[in-house]
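Worksheet: one structure, shown below.
The values are calculated or read from the model by the stated rules, or taken from the named source; none is laboratory data. Since this is a predicted model, take the numbers as computed values, not measurements. Here the Cβ is made from the backbone with ideal geometry for all residues, glycine too, and neighbour counts use every protein chain on show. Just so you know, the surface numbers come from the protein's heavy atoms only, side chains and all, with ligands and any DNA or RNA stripped out. Shrake-Rupley method; radii C 1.70, N 1.55, O 1.52, S 1.80 Å.
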Amino acid sequence: MSGHASPRPLRARPGHPLRGTADVPGDKSVSHRALILGALAVGETRIEGLLEGQDVLDTAAAMRAFGAEVLRDGTGWVVHGVGTGGFAEPGDVIDCGNSGTGVRLVMGAMATTPIVATFTGDASLRRRPMGRVTEPLALFGARALGREGGRLPMTVEGARDPVPVRYILPVASAQVKSAILLAGLNAPGETVVIEREATRDHTERMLRGFGAEVSVEEGPEGRVVTLSGQPELRAQRVAVPRDPSSAAFPVCAALVVPGSEVRVPRIGLNPTRAGLYETLREMGADLSFENRREEGGEPVADLVARFGGALRGVEVPPERAASMIDEYPILGVVAAFAEGPTVMRGVRELRVKESDRIDAMAHVLRAAGVEVEEGEDWWIVHGRGADGVRGGAVAEARLDHRIAMSALILGMAAREGMAVDDAGPIATSFPVFERLMADLGAVLEPG
Ligand code: S3P
């Protein structure tokens with residue numbers, strides 16, 4: 001939903017240790033996929049632990065617009081799907097709000113059905129590139145017409161006689177990979193996507209769970225994912241793990257606020273998502289993973305994070321970027337409280353997220369008295385040590401939930417606190433963030 005609610009400034013005050021258990025919400029990536037695959041399956045899919053953030057609610061509304069029944073009952077979410085190729089033509093524009101994942105996956109899911117749909121989103125989403133999805137979707141026979149530079153609003157006409165596709169991803173993007181696989185569901189024969197670097201594999205895992213045939217092999221060009229087209233997807237029960245990207249905020253807060261100890265139960269630790277935790281360990285963070293197990297086809301564990309004094313700056317290897325792409329903003333905050341520089345390379349993709357996250361974080365950190373250097377696909381944060389960050393400024397959220405939350409975590413540990421001009425975007429991915437952080441002991445106040 002592209003709401004125009006007035007900005008809601010919020011300030012974090014320092015000096016309050018964070019202690020207790022943080023029950024973070026369901027994984028955003030898995031939640032979008034569960035709704036979309038549920039809508040394409042025959043029968044009743046039940047989803048437990050779905051993230052009820054605005055991004056996911058917008059995808060639920062989109063699935064209704066394409067003809068699926070999506071409702072919430074006392075135990076969770078229920079989807080009655082229409083079957084592969086069964087999407088109906090929506091009667092109105094599909095508004096995906098702030099969600100790049102939502103719009104790109106839904107475009108893929110409808111691109112091989114002979115219907116027309118027009119997509120839009122909020123000011124942030126309307127700035128983001130869609131050509132990376134519409135170019136491969138055109139190979140199936142779909143046509144797209146959008147604004148200059150492949151921006152929303154955009155109308156997609158699904159292919160009448162889709163052909164299968166073989167595509168090498170030019171950018172490391174799970175959204176593009178997933179859009180192609182979802183389009184491949186209604187094409188005859190085998191659709192093949194090749195990625196040089198492994199990106200999150202929730203789509204592959206969940207497609208198998210719904211009964212599709214998906215194989216993954218390592219080839220000379222990279223990871224080769226092959227989908228056999230036109231399967232009958234069978235409705236499932238899906239258990240959504242808790243979001244490691246949301247868990248990153250209370251975990252990193254515990255690492256920078258003196259005296260903290262926070263437990264985050266049941267977080268998803270799919271290796272394609274866990275790069276931040278490896279990096280934090282290299283920085284010397286006190287993290288323990290307990291009760292490692294598998295739930296709903298995804299590895300999970302209970303994570304305990306403790307403040308242990310100053311961390312050290314590190315060089316994050318570029319090949320790790322895909323497995324922690326959403327965590328660079330909060331890593332930038334941890335890096336500010338570390339000793340020495342933290343160097344992050346191979347992160348050009350950060351420039352086309354909900355905001356240009358390198359530029360947005362450089363502004364936040366500089367305003368807080370931290371030195372940052374940046375180039376097109378790299379940035380360096382010069383750490384000031386555990387009690388060396390001044391803060392005392394108002395950060396711009398730029399319609400980006402992760403920038404808003406990162407600035408507030410910074411304010412929990414910086415000498416003069418930190419404010420953000422608009423906490424509204426946090427509801428896209430982590431609607432209970434403020435209450436959860438307050439329950440741990442954080443002081444957040446209006447203005
Ligand atoms: C996502 C993929 C990533 C990530 C986004 C969620 C997904 O985007 O940043 O938050 O669910 O597939 P890209 O595929 O554009 O890297």
Q. Filtering region 350-397 down to residues that are within 16 Å of the ligand (Cβ to nearest atom) and acidic (Asp, Glu), which residue is nearest to residue 176 (Cα to Cα)?
A. 354
Q: Out of 304, 300, 251, report the one residue that is part of a strand (DSSP E or B) and more than 28 Å from residue 207 (Cβ to Cβ).
A: 304
Q) Is it fair to say residue 79 is more than 20 Å from residue 174 (Cα to Cα) and open to solvent by less than 10 Å² (accessible area, probe 1.4 Å)? A) yes
Q) Are any residues in region 173-208 assigned to a strand (DSSP E or B), surrounded by fewer than 24 Cβ atoms within 10 Å (Cβ to Cβ) and away from the ligand (no atom under 16 Å from the Cβ), and if so, which ones? A) 190, 192
Q: Output the residues belonging to region 317-337 that are within 16 Å of the ligand (Cβ to nearest atom) and either hydroxyl-bearing (Ser, Thr, Tyr) or buried (at least 21 other Cβ atoms within 10 Å of the Cβ) (or both).
A: 321, 322, 323, 324, 325, 326, 327, 328, 329, 330, 331, 332
Q | Residues within region 151-172 that are open to solvent by less than 10 Å² (accessible area, probe 1.4 Å), within 16 Å of the ligand (Cβ to nearest atom) and farther than 18 Å from residue 217 by Cβ, tallied | A | 1
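Might you check whether a residue that is at pLDDT 95 or above, within 12 Å of the ligand (Cβ to nearest atom) and either surrounded by fewer than 18 Cβ atoms within 10 Å (Cβ to Cβ) or over 20 Å from residue 29 (Cβ atoms) (or both) occurs anywhere in region 210-223?
No, region 210-223 contains no residue that is at pLDDT 95 or above, within 12 Å of the ligand (Cβ to nearest atom) and either surrounded by fewer than 18 Cβ atoms within 10 Å (Cβ to Cβ) or over 20 Å from residue 29 (Cβ atoms) (or both).
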**Q.** Per-region count, region 133-150, residues assigned to a strand (DSSP E or B) and either surrounded by fewer than 17 Cβ atoms within 10 Å (Cβ to Cβ) or over 26 Å from the mean Cα position of the chain (by Cα) (or both)
**A.** 3
Q) Any idea which of (1) buried (at least 19 other Cβ atoms within 10 Å of the Cβ); (2) not assigned by TED's automatic domain parsing to the domain that holds residue 288 is the one residue 252 doesn't satisfy? A) (2)
Q. Before we move on, is residue 398 crowded, with 17+ Cβ neighbours inside 10 Å and in contact with a Lys or Arg (Cβ under 8 Å, 6 or more places away or on another chain)?
A. no
Q | All positions within region 19-55 that are outside any loop (DSSP other than H, G, I, E, B), closer than 16 Å to residue 433 by Cα and within 19 Å of the chain's Cα centre (by Cα) | A | 26, 28, 54, 55
